[in-house]
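Asks: Just dropping this structure here.
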Ligand SMILES: [Zn+2]
């Protein structure tokens, strides 16, 4: 009986561990750099081995997967996480900070002390968006200034802050630079330029329809609005975003236009 219980426990533990680790995907950029992601939130997590130790950017695969994430990072780098950095202060990016701090890591507000990582401070998704540039690997972590799995969310800086952020990101590296968004598949500068154009088209169209007196629900039914929204559906998902999110995106865009941030 006892033996059975132990075997059952081992089996259950193994299943739990196997499913947990398979829920985290790993993309190898170089021997020192990885991008990891999990189903919960789909946040892109950067893992970088530096001279000073392993740095993790936005370590949030969902609370339940934090131990599995730590184990996978240890396996990949043969080392524990030493430093935690965040692109911005939202739970889907910072939710794993405490866990890694509990494991002995230190949280840095900026990567100044780490030679391999440069940073920019911009105001687009939040008033303090931090963009990280790994110059040796030619990789940029944009945080939610850029997203390949969702519509743009430039609610803090409006179109002006968004443009400034995109310009500064485009000025980093060269045409081969890998652009890692806050969520969704890593992309390139061409995809980022397209994202900017689509965002401008979105705001311009919403502005005209709003001035014509269309309500939010009328705009939701409008073919132009629906087709511009679909341009952000990079992965061509059958159901891109929930109706409620679509409505909120329109509402927030109208608010930006009215407060002149969308102009
Ligand atoms: Zn996010």
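Asks: What residue, of 93, 125, is within 14 Å of the ligand (Cβ to nearest atom), part of a helix (DSSP H, G or I) and buried (at least 17 other Cβ atoms within 10 Å of the Cβ)?
Replies: 93
Asks: Moving on. Surrounded by fewer than 23 Cβ atoms within 10 Å (Cβ to Cβ), within 16 Å of the ligand (Cβ to nearest atom) and part of a loop (DSSP other than H, G, I, E, B) - does that describe any residue in the stretch 102-121?
Replies: Scanning the stretch 102-121 turns up no residue that is surrounded by fewer than 23 Cβ atoms within 10 Å (Cβ to Cβ), within 16 Å of the ligand (Cβ to nearest atom) and part of a loop (DSSP other than H, G, I, E, B).
Asks: Does residue 238 satisfy being surrounded by 15 or more Cβ atoms within 10 Å (Cβ to Cβ) and either within 29 Å of residue 139 (Cβ to Cβ) or more than 16 Å from the ligand (Cβ to nearest atom) (or both)?
Replies: no
Asks: What is the one condition in (1) within 16 Å of the ligand (Cβ to nearest atom); (2) in the same structural domain as residue 88 (by TED's automatic domain parsing); (3) part of a loop (DSSP other than H, G, I, E, B) that residue 175 does not satisfy?
Replies: It is condition (1) that residue 175 fails.
Asks: With the condition kept exactly as written, say whether any residue in the stretch 132-141 is on the phi > 0 side of the Ramachandran plot and either part of a loop (DSSP other than H, G, I, E, B) or buried (at least 21 other Cβ atoms within 10 Å of the Cβ) (or both).
Replies: Yes, the conditions are met somewhere in the stretch 132-141.
Asks: For the stretch 138-164, what are the residues that are without any contact (Cβ under 8 Å) to a residue 60 or more places away in the chain, away from the ligand (no atom under 15 Å from the Cβ) and under 15 Å from the mean Cα position of the chain (by Cα)?
Replies: 140
The values are calculated or read from the model by the stated rules, or taken from the named source; none is laboratory data. Given the structure is predicted, the values throughout are model-derived calculations rather than measurements. Heads up, the Cβs are rebuilt from the backbone with ideal geometry, glycines too, and the neighbour counts pull from every protein chain shown.
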